[in-house]
Amino acid sequence: PCTTLFRSWVRALRSSALERFTQLGFPTTKNEDWHFTSVAPIAERQFVPFTAVSGDVRRTDIEPFLFAKVYDWHLAVFVNGRFAPELSRLGKLPEHVRVLPLARAWAEAPDLAERVGTIARTDSQSFTALNTAFLHDGIVIHVDDDQVLDHPIHLLFVTDRHGVNGVAYPRNLIVIGRQARWTVIERYVGLGDGPYFTNAVTEVAVAEGATLTHHKLQREGRQAFHVGTAEVTQARDSHYISFSLATGGALSRTNISTVLAGEGSGATLNGLYLLDGTQHGDHQTRIEHAQPNCFSRELYKGVMDGESHGVFNGKVYVQPIAQKTDGKQTKNNLLLSERAQIDTKPQLEIYADGVKCTHGAT
């Protein structure tokens, strides 16, 4: 009965998200947050959702994307949006850590799975609504209170050679308990040369006094399309440390948003993107200071060559209650070609008086 109830809840979640996406549609360049990025190449192409792992991916195929000589790190591999247990390494997880594929978590850990959809917003974010409408698999992580873990977990999302014109909707949930600490590496790669689409959403909850180090590495195929979103909520005295690296894809977009919802919390957002040829890479960040005595540090760097086009839009939003905010944002760009271009816009939106905020771009 519990499983049946949960399946009903999942269907309702998907149905509501699909209805919202139908209302929103794909964003256009008339939308301020998408002013420099047209998603027409995605919207005008037909992609077929993946339904199963092809079975053609071997350990030797993913070896180039693993970290050499590191055999004690935990590894979860997904192929075409589906968990691949034969390629994963999750047998030696600590006792107070739960890691489950989302497709299993619905039945085996409903207390965790029911948090899916509570952090990421579908009301105004088209691609998040689209992901929610078709979500099926991904990773669910829960770290108990007071656990400090030495070895990171590596999440590897692979689109194989049969993925041409396919689309995957990975959905991840990371919950870090009070005073806990862990590192999560989230990586997206392609093994083929054809076009495909990855629309990924990761929801993160960092509890009081906890620290999450979250690396996102995007190295999709050269003809691929990638939209990746991370939405984070932080409790008192927590710290979210993010690093984003983007080098792949014909058209890619990375959205990172965190709400400093507890006093004394902090966010460190760093990023690097390297573009060449006709690649288009878009990065959007938002740090919302929602409580007093919080800090944020942000440093993004982009290198563009050929006829590539980079976009960066970073906003620091300070609510009226968020007195004694300390925020700093820096964006540096390097153009290696006269045909390469960058549109960059660091932003501060401040509604409190006693703050120290700076921003700049080169």
Selection within the range 307-320 - open to solvent by 10 Å² or more (accessible area, probe 1.4 Å) and either in a strand (DSSP E or B) or touching a Phe, Trp or Tyr at 6+ places or on another chain (Cβ under 9 Å) (or both): His309, Asn313, Lys315, Tyr317, Gln319, Pro320
Condition check for Gly354: open to solvent by less than 50 Å² (accessible area, probe 1.4 Å) and modelled with pLDDT of 95 or more: no
Subset tally (residues that are surrounded by fewer than 18 Cβ atoms within 10 Å (Cβ to Cβ) and part of a strand (DSSP E or B)) for the range 269-306: 5
Thr60 vs. criteria of a type in the set (Val, Ile, Thr), free of Cβ contacts under 8 Å to residues at least 60 places away in the same chain and within 30 Å of Ile342 (Cβ to Cβ): no
Qualifying residue in the range 92-109 (condition: over 27 Å from Asp146 (Cβ atoms) and open to solvent by less than 30 Å² (accessible area, probe 1.4 Å)): no
Extreme residue, surrounded by the fewest Cβ atoms within 10 Å (Cβ to Cβ), among residues of the range 24-37 that are at pLDDT 95 or above and closer than 14 Å to Phe127 by Cβ: Gly25
Cβ pairs under 7 Å, 6+ apart, first in the range 229-246 and at positive phi, second surrounded by fewer than 22 Cβ atoms within 10 Å (Cβ to Cβ): Asp237/Glu208; Asp237/Gly209; Asp237/Gly262; Asp237/Gly264
Elements of type helices (runs of 4 or more DSSP H) contained in the range 59-170, each with 1 or more residues being under 30 Å from Ala12 (Cα atoms): 102-108, 110-113, 126-134
Counted residues, the range 123-144 - those being farther than 19 Å from Phe78 by Cα and open to solvent by 40 Å² or more (accessible area, probe 1.4 Å): 4
Selection status of Gly360, assigned to a strand (DSSP E or B) and modelled with pLDDT under 95: yes
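The values are calculated or read from the model by the stated rules, or taken from the named source; none is laboratory data. Since we're looking at a predicted model, the values are computed, not measured. Here Cβ is always computed from backbone atoms with ideal geometry, including for glycine, and neighbour counts include all displayed protein chains. Ligands, DNA and RNA are stripped out before the accessible areas are found, and what is left, the full protein with its side chains, is counted by its heavy atoms. Shrake-Rupley method; radii C 1.70, N 1.55, O 1.52, S 1.80 Å.
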